Amino acid sequence: MLTDEQKDILKEHINVYIGQAASMLSEMASQKVLLSVPEIDLISLRGPEQPDWQQKLLFKHGHIVSSSMKFGHNFSGRAMLIFPARKAKLLVDACMGEFTGDEAPAAELLDTDFDVLREISNVILNSVIGEFGNLLDEKLEFSLPDVELVFVSEDEQKSYLQSDLHMLVLYTSFMLADAKVEGVVIIALGVSSYSMLIAKIDKIIGELT
Amino acid sequence: MSFGDDLLHQLSIGLVIIDSNNTIRLWNRWMEKKTGFASADAEGQQLYVVSPRFGEDRYRKIIESVCVSRQGRFLAGAIHGALFAPEGEVTGVSGGRQNIQIEVIERSGKPMLLIQVMDVTGHYQKVQQMRSFIRTLESENDEMRQIEQTARSLALHDVLTGLPNRLSFNQHMKWTLHNLKYDKEIFAVVFLDIDGFKAVNDRFGHATGDEVLSETGRRLRGAVRGTDFVARLAGDEFTIILHGIKQKADVVTVAMKIAEQFRVPIHVKKDEISISCSFGISFFPDDGDSADVLMDKADQALYRVKRTGKNGFAIFGGQPERYML
């Protein structure tokens, strides 16, 4: 749905802010954390390409850790950061100084681990949403994220988030000392917010050419 | 004190409000209780004076970033410890844990920072205890598994030769019969003993006799394929299960190879000990379809070899085959 040019513009903007989030995470984890957004997609759930994104798999079915927060006014929606639970534990261990590189079963995520995940999500989602605010020149108010452990079956995975019209999907990739943790940031947008974003990106492209 | 102010002091979480100069404007009763700082002493002070950790570069940056971006920030006690030192502590890093939430609020049109503090020390300790309990359980479980594995291995192996013992042989036979009955495959049972082993013990002593048994086990194991099963039943008696036999004649080749193993004398220290062995062979399914019957038939074939001069092998039902050393 996004042209390559539109994707490049968005990626470039987001990577600057994601870089700042990475340095904050590095400080939390006391080790270098590289964070990048290698791929961006804009998905319309009612669009003709619906089966296509479903096949692409936003996240694998199974236990996932999902952090979500609302943001708004003119440009409004819900931002989510989703990790497979086993990978989330790697990040938590790194931040707690207990990084062993071993993945752990979802059942081993304890209450305090969720606090740590809340902070990680807070840092990342703040960066991403903050960037949208800057890009659109909009003041965006948002809450702190709520974190939950969810079991998503294969069927549920397909219907997850279907009530929203548009989703901007950022595939994130965290490189820790010995491990790579991949997650997705999903920004669910309503029609007007979606149009606003596309109009702004097109305007930037127009100014460049 | 207004109703609203009174309410702030009744809350069971800590509330701190600082202005754009980092000066504390509100310090509620919960903060007084936890830190020992009276609100009269805290209010009007710079935040980092009352809580020195906020003077650290990383926390200064966080405060700045909340002010500039106006984005709320959550700090997990599991990572940061206690940013507001509990009473009696200087740094707040000796075990206290506080979850902290920092947000921008407007007061009389001026932006200020609201800092909410939740003490999670007790909870964190419980989680740590649980975690250490889980680790202890896991390590105990590993230890038990190790012990069980060793015990199982000892129960199923002959200590002297390291080969499977009689119990293991019986289990393997049972398993083989259960799995092969339906496949119509042939397998052979070899029952072997060392000729005149008693004389070896009498002449060279039991320690040397044990060495001979160990070496016999090693040579038998080396004579067959990895998929075949070699066990020591007792004393100088060994059994071999030869799997996946296509035709009975093939077993003669293996039998010759087994016999070949004893062509070279066994050296124990300075002694050179020449031994020979006799063995009988039975086949599944022609000679029987139970472990007892197959063993009995192989034993009968062995007995026939022993009776007719030892140092050879016989297939049940056939004439003893001779091999020369």
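Summary table below
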read-out	value
Residue in region B:264-277 that is in contact with a Leu (Cβ under 7 Å, 6 or more places away or on another chain), surrounded by fewer than 20 Cβ atoms within 10 Å (Cβ to Cβ) and under 21 Å from B:K310 (Cβ atoms) present	yes
Matching entry among B:T121, B:T161 (being more than 27 Å from A:F132 (Cβ to Cβ), within 37 Å of the chain's Cα centre (by Cα) and more than 14 Å from every other protein chain (Cβ to nearest Cβ))	B:T161
B:G44 vs. criteria farther than 26 Å from A:L117 by Cα and in contact (Cβ under 8 Å) with a residue 40 or more places away in the chain	no
Among residues of region B:55-84, those that are under 24 Å from A:G130 (Cα atoms), aromatic (F, W, Y) and either crowded, with 21+ Cβ neighbours inside 10 Å or within 9 Å of chain A (Cβ to nearest Cβ) (or both), counted	1
Hits in region B:193-210 (condition: farther than 28 Å from B:A298 by Cβ and either touching a residue at least 24 places away in the same chain (Cβ under 8 Å) or basic (K, R) (or both))	B:R203, B:F204, B:T208
Among (1) without any contact (Cβ under 8 Å) to a residue 60 or more places away in the chain; (2) under 19 Å from B:A82 (Cβ atoms); (3) more than 50 Å from the chain's Cα centre (by Cα), the one test that B:K33 misses	(3)
Residue within region B:135-147 that is in a helix (DSSP H, G or I), touching a helix residue (DSSP H, G or I) at 6+ places or on another chain (Cβ under 8 Å), within 12 Å of chain A (Cβ to nearest Cβ) and free of Cβ contacts under 8 Å to residues at least 24 places away in the same chain present	no
Residues within region B:101-114 that are within 13 Å of another protein chain (Cβ to nearest Cβ) and touching a residue at least 12 places away in the same chain (Cβ under 8 Å), tallied	7
Selected residue (only one of B:T216, B:T161, B:T239 is at pLDDT 90 or above, part of a strand (DSSP E or B), surrounded by 19 or more Cβ atoms within 10 Å (Cβ to Cβ) and among the hydroxyl-bearing types (S, T, Y))	B:T239
Scope region B:117-126; condition surrounded by 12 or more Cβ atoms within 10 Å (Cβ to Cβ) and either without any contact (Cβ under 8 Å) to a residue 40 or more places away in the chain or under 17 Å from B:S20 (Cα atoms) (or both); matching residues	B:H123, B:Q125, B:K126
Test: B:F84 is free of Cβ contacts under 8 Å to residues at least 24 places away in the same chain and assigned to a loop (DSSP other than H, G, I, E, B)	no
Subset of region B:108-134 (residues that are in a strand (DSSP E or B) and either at pLDDT below 80 or farther than 17 Å from B:L8 by Cα (or both))	B:K110, B:P111
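The values are calculated or read from the model by the stated rules, or taken from the named source; none is laboratory data. None of the values given here were measured: they were computed from a predicted structure. When we count neighbours, we look across all protein chains shown, and the Cβ atoms used for this are built from the backbone with ideal geometry, even at glycine.
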